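Single-structure report; data block below.
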Amino acid sequence: MVKQNNTIIKIEHLSKSFAEKVVLDDINLDIRRGEFVTLLGPSGCGKTTLLRMIAGFLQPDSGVIIMEGNDISDVPPHRRPLNTVFQRYALFPHLNVYDNIAFGLKLNKVPADEIEKRVRKALKMVSMTYYEDRDVNSLSGGQQQRVAIARAIVNRPKVLLLDEPLAALDLKMRKDMQMELKEMHNTLGITFIYVTHDQEEALTLSDTVVVMSDGKIQQIGSPIDIYNEPVNSFVADFIGESNILNGRMLKDREVEFIGHTFECVDEGFGEDCAVDVVIRPEDIYIIANAENAKFTGTVKSCIFKGVHYEMFVETDKGYEMMIQDYNAFDVGSTVGMFIKPSDIHVMQKERVCNTFEGKMISDTTVEIMGSQFECLPCGAKEGDDVIVRVDFNKVELLDNKEDGIVMGEIEFILYKGNHYHLTVLTDEGEKVYVDTNDIWDKGDFVGISVSSKDLRITKRV
Amino acid sequence: MKKFFAQTYLWLLLALLYAPIIIIAVFSFTEAKVLGNWTGFSTKLYTSLFSGGVRHSLLDAIENTFTIALIAAAVSTILGSIAAIGIHNMRGRKRQAITFLNNIPMLNPDIITGISLFLLFVSLGVTQGYMTVVLAHIAFCTPYVVLSVMPRLQQMNPNIYEAALDLGATPFQTLRKVIIPEIRPGMISGFILAFTLSIDDFAVTIFTIGNQGLETLSTFIYADARKGGLTPELRPLSTIIFVTVLLLLIIINVRARRAARKQENI
């Protein structure tokens with residue numbers, strides 16, 4: 001169904017760094033004509049940088065942006081056939097509503113009577129008729145955003161870029177505006193590229209969601225795909241609520257996690273392969289009768305959330321699971337649980353242990369992550385290039401960052417049912433993955449240490 | 001009782017501050033040659049000031065003062081605004097350094113500025129006269145314009161520059177249609193400030209005016225006073241200048257208050 005010539009914007013190998021820090025890392029993305037694409041990710045993931053590059057406010061270090069077959073990477077912003085709606089509206093304070101909206105049309109020397117027609121139409125579209133003479137400073141945030149949208153669409157751009165346009169509005173207003181934006185997209189039929197950190201907004205609005213993290217695209221897909229089939233634990237954790245657990249694929253259609261074996265629908269992982277398992281909290285069936293259940297547990301907490309109750313249940317094998325159900329269960333009571341095979345989402349593990357490239361300094365010293373670690377003699381000689389592997393649970397984190405061999409900052413925390421999986425960014429910019437039962441906070445500075453017997457060293461060839 | 005003392009103190013202070021100018025203003029309405037003699041109310045000094053028959057060189061000095069002030073204020077407003085936009089777009093240490101460099105000439109005593117400009121013109125072999133005074137005034141007025149334009153730029157939503165580009169304006173059109181309207185209040189305040197500073201200046205002017213017979217008000221009055229006895233027409237002139245400056249200050253204040261009120265409404 002999707003034809004090649006239907007692509008309006010093609011982004012190839014786009015990279016950008018700010019002062020050594022990589023903000024965008026080899027981004028490839030095709031955007032179809034008329035599509036509502038959302039760039040979704042936590043702050044600092046590079047989504048706004050990508051949008052600003054499409055708009056032309058930033059130059060890529062490498063890579064190209066192709067629009068309708070033409071490379072527009074070097075085209076200045078005022079000659080690109082697209083318009084932007086900014087997060088902080090960016091209306092011109094010295095102009096009234098009418099002149100703000102007419103700004104682009106006047107520059108393009110559109111005849112005055114047509115300007116008037118188009119401005120009125122745009123105002124009607126954003127439900128702001130009769131506001132044309134108002135001073136923009138006298139408008140509320142929501143009204144200002146409507147004017148900003150009208151100012152952009154009045155120019156009939158081929159692509160409309162929206163940079164977190166609803167972030168500054170209150171919840172109720174945001175919901176209303178979401179619906180209006182969606183309707184506007186249907187009416188106008190132009191391509192929308194929307195940036196947000198709000199996963200619910202992304203799922204509600206988009207045809208396609210592009211999940212970004214760390215300057216890389218993690219997954220591209222329809223909202224349903226992204227929600228139901230996340231490709232990795234980051235996406236699973238970021239989109240909606242989820243239980244993410246370590247598991248083993250025993251064979252096709254059979255997976256083991258939380259100490260039980262489950263039937264599932266996934267195939268092709270091979271036998272006895274470590275995987276990540278994602279269970280959405282609403283996909284766990286919970287019943288009072290524990291006897292016939294697949295597994296049992298004790299309710300640890302139960303909170304009313306409006307439509308459903310959110311419960312934390314400790315299973316018989318000591319894993320904590322989040323469950324959402326319409327029925328409440330008493331705290332302390334024993335419950336039984338089921339999971340349907342189709343609700344078990346199995347994902348390839350991105351890694352099973354830390355892998356570092358290093359160099360032997362002496363028979364019992366190896367340099368990795370820019371620092372020297374003591375190790376056991378392993379046959380590798382001074383000056384040899386080696387690969388060093390360290391299991392996640394063998395990395396020690398220390399409160400006092402000076403006590404470690406390497407210093408780092410906790411960047412990402414994932415709860416895996418019975419332990420935390422942390423991503424620690426070292427001063428040298430390398431990532432160390434750690435399994436721990438200790439509670440750390442994001443942004444904590446830690447010392448990293450590994451005992452000599454836990455470094456598994458092999459020669460690099 | 002406490003209030004009475006506070007009031008008295010205030011009025012005493014104001015009287016001390018304004019007594020000299022009030023005395024001049026009062027005695028500008030009498031004909032006596034010597035200041036302090038009241039020979040009955042008369043506006044003759046005002047008419048003779050403007051008829052020009054008595055003191056032609058005084059009128060020349062007034063004209064010079066105002067044309068120099070206008071040129072210096074206009075040029076320094078343009079230069080200062082451009083500089084402010086440039087500084088605003090700098091980052092980190094570079095910006096700090098340039099801001100610091102901009103502040104030094106304002107703190108520097110006028111007499112030093114005057115002497116250094118004098119030495120500069122001499123060493124460059126420039127004949128001193130109208131041109132050198134204008135250049136000198138532009139030099140010391142520009143930093144004040146930068147200082148009054150900077151806050152407007154800082155208040156500006158940084159996205160509006162990009163928004164204008166996005167809507168198809170070239171960088172130059174953006175400057176004309178968006179940036180300048182946004183910083184215009186700062187530019188006007190800067191212009192008025194530069195204008196009053198230029199009219200007021202003596203120290204820099206005396207060193208850069210040369211010896212071709214050019215006079216501004218301040219140098220004229222200085223020379224006149226040294227020749228012995230002030231020309232009586234200086235009394236109405238001082239009064240007029242005082243009233244003019246007062247009016248300008250009121251305009252600046254009203255504008256500032258109006259801008260502040262507009263800010264509050266947002």
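Checked against (1) part of a loop (DSSP other than H, G, I, E, B); (2) touching a helix residue (DSSP H, G or I) at 6+ places or on another chain (Cβ under 7 Å); (3) not β-branched (V, I, T), A:L414 passes all but a single condition, namely (1).
If the condition is being part of a helix (DSSP H, G or I), open to solvent by 30 Å² or more (accessible area, probe 1.4 Å) and within 11 Å of chain B (Cβ to nearest Cβ), then the range A:98-116 contributes A:D99, A:K106.
Just to be sure, is A:K442 open to solvent by 60 Å² or more (accessible area, probe 1.4 Å) and outside any strand (DSSP E or B)? Yes: the conditions hold for A:K442.
Pairs linking a residue in the range A:332-349 that is more than 19 Å from A:F269 (Cβ to Cβ) and assigned by TED's automatic domain parsing to the domain that holds A:M249 to a residue that is surrounded by fewer than 20 Cβ atoms within 10 Å (Cβ to Cβ) and small (G, A, S), with Cβ atoms under 6 Å and 6 or more positions apart or on different chains, are A:T334/A:A290; A:G336/A:A290; A:G336/A:A293; A:M337/A:A293. The set of residues in the range B:155-166 being more than 8 Å from chain A (Cβ to nearest Cβ), farther than 18 Å from B:I82 by Cβ and not in a helix (DSSP H, G or I) consists of B:P158 alone. When the range B:32-60 is limited to residues that are outside any loop (DSSP other than H, G, I, E, B) and touching a Lys or Arg at 6+ places or on another chain (Cβ under 9 Å), the one that is surrounded by the fewest Cβ atoms within 10 Å (Cβ to Cβ) turns out to be B:S48. Criterion applied to B:I188, B:I206, B:I199, B:I221 was being out of contact with any strand residue (DSSP E or B) (no Cβ under 8 Å at 6 or more places or on another chain), under 30 Å from A:L95 (Cα atoms), in the same structural domain as B:A69 (by TED's automatic domain parsing) and not small (G, A, S), and the one residue passing it is B:I188.
Can you find even one residue in the range A:259-280 that is open to solvent by less than 10 Å² (accessible area, probe 1.4 Å) and free of Cβ contacts under 8 Å to residues at least 60 places away in the same chain? Taking every residue of the range A:259-280 in turn, none turns out to be open to solvent by less than 10 Å² (accessible area, probe 1.4 Å) and free of Cβ contacts under 8 Å to residues at least 60 places away in the same chain.
Here B:G186, B:G210 are screened, and the one residue that is small (G, A, S), closer than 28 Å to B:N102 by Cα and open to solvent by less than 10 Å² (accessible area, probe 1.4 Å) is B:G186. Can you find even one residue in the range A:175-187 that is open to solvent by less than 30 Å² (accessible area, probe 1.4 Å) and assigned to a strand (DSSP E or B)? No, every residue in the range A:175-187 fails to be open to solvent by less than 30 Å² (accessible area, probe 1.4 Å) and assigned to a strand (DSSP E or B).
The rows are residues; the columns are (1) buried (at least 23 other Cβ atoms within 10 Å of the Cβ); (2) hydrophobic (A, V, I, L, M, F, W, C); (3) part of a helix (DSSP H, G or I); (4) more than 10 Å from chain A (Cβ to nearest Cβ).
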residue	(1), (2), (3), (4)
B:A136	yes, yes, yes, yes
B:P151	no, no, yes, yes
B:Q173	no, no, yes, no
B:R176	no, no, yes, yes
B:E182	no, no, yes, no
B:G190	yes, no, yes, yes
B:L193	no, yes, yes, yes
B:S198	yes, no, yes, yes
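Filtered by the rule that a residue be of a type in the set (F, W, Y) and more than 14 Å from A:R280 (Cα to Cα), the range A:310-325 gives a lone residue, A:Y319. Filtered by the rule that a residue be in contact with a helix residue (DSSP H, G or I) (Cβ under 7 Å, 6 or more places away or on another chain), of a type outside the set (A, V, I, L, M) and either under 24 Å from B:L147 (Cα atoms) or surrounded by fewer than 15 Cβ atoms within 10 Å (Cβ to Cβ) (or both), the range B:104-131 gives B:P105, B:D110, B:T113, B:G114.
Would the range A:121-134 turn up any residue that is modelled with pLDDT under 95, outside any helix (DSSP H, G or I), surrounded by 14 or more Cβ atoms within 10 Å (Cβ to Cβ) and among the aromatic types (F, W, Y)? Yes, some residue in the range A:121-134 is modelled with pLDDT under 95, outside any helix (DSSP H, G or I), surrounded by 14 or more Cβ atoms within 10 Å (Cβ to Cβ) and among the aromatic types (F, W, Y).
For the range A:1-60, the tally of residues that are open to solvent by less than 40 Å² (accessible area, probe 1.4 Å) and among the basic types (K, R) stands at 2.
Within the range B:77-92, if we keep just the residues that are open to solvent by less than 50 Å² (accessible area, probe 1.4 Å) and touching a residue at least 40 places away in the same chain (Cβ under 8 Å), the residue that is nearest to the chain's Cα centre (by Cα) turns out to be B:T77. B:A169 meets each of the listed conditions (1) in a loop (DSSP other than H, G, I, E, B); (2) within 14 Å of chain A (Cβ to nearest Cβ); (3) in contact (Cβ under 8 Å) with a residue 12 or more places away in the chain apart from (3). Listed conditions (1) more than 18 Å from the chain's Cα centre (by Cα); (2) assigned to a strand (DSSP E or B); (3) farther than 17 Å from A:D163 by Cβ are all met by A:D26, apart from (1).
Residues considered: A:K359, A:K381. Of these, the only one that is among the charged types (D, E, K, R) and in a strand (DSSP E or B) is A:K359. Once the range A:135-156 is narrowed to residues that are part of a helix (DSSP H, G or I), in contact (Cβ under 8 Å) with a residue 60 or more places away in the chain and within 12 Å of chain B (Cβ to nearest Cβ), the residue that is surrounded by the most Cβ atoms within 10 Å (Cβ to Cβ) is A:R151. Taking the numbered list (1) surrounded by 15 or more Cβ atoms within 10 Å (Cβ to Cβ); (2) without any contact (Cβ under 8 Å) to a residue 12 or more places away in the chain in turn, A:L162 passes all entries but (2). Report whether or not B:G213 is on the phi > 0 side of the Ramachandran plot and more than 8 Å from chain A (Cβ to nearest Cβ). So B:G213 passes the test. One residue is enough: does the range B:22-31 have a residue meeting the conditions at pLDDT 90 or above, assigned to a helix (DSSP H, G or I) and under 16 Å from B:I221 (Cβ atoms)? No, the range B:22-31 contains no residue that is at pLDDT 90 or above, assigned to a helix (DSSP H, G or I) and under 16 Å from B:I221 (Cβ atoms). In the range A:290-313, the residue that is nearest to A:N243 (Cα to Cα) out of those that are of a type outside the set (K, R) and open to solvent by 80 Å² or more (accessible area, probe 1.4 Å) is A:I303.
Candidates A:H197, A:H260, A:H185: the one that is within 14 Å of the chain's Cα centre (by Cα) and either at pLDDT 90 or above or not assigned by TED's automatic domain parsing to the domain that holds A:D25 (or both) is A:H197. Note on the range A:45-91: residues that are touching a residue at least 24 places away in the same chain (Cβ under 8 Å), within 19 Å of A:T191 (Cβ to Cβ) and assigned to a loop (DSSP other than H, G, I, E, B) total 4. For the range B:191-203, the condition of being modelled with pLDDT under 90 and hydroxyl-bearing (S, T, Y) holds for at least one residue.
The values are calculated or read from the model by the stated rules, or taken from the named source; none is laboratory data. Keep in mind it's a predicted model, so treat the numbers as computed, not measured. Heads up, the Cβs are rebuilt from the backbone with ideal geometry, glycines too, and the neighbour counts pull from every protein chain shown. What goes into the accessible areas is simple: the full protein's heavy atoms, side chains included, and nothing from ligands, DNA or RNA. Shrake-Rupley method; radii C 1.70, N 1.55, O 1.52, S 1.80 Å.
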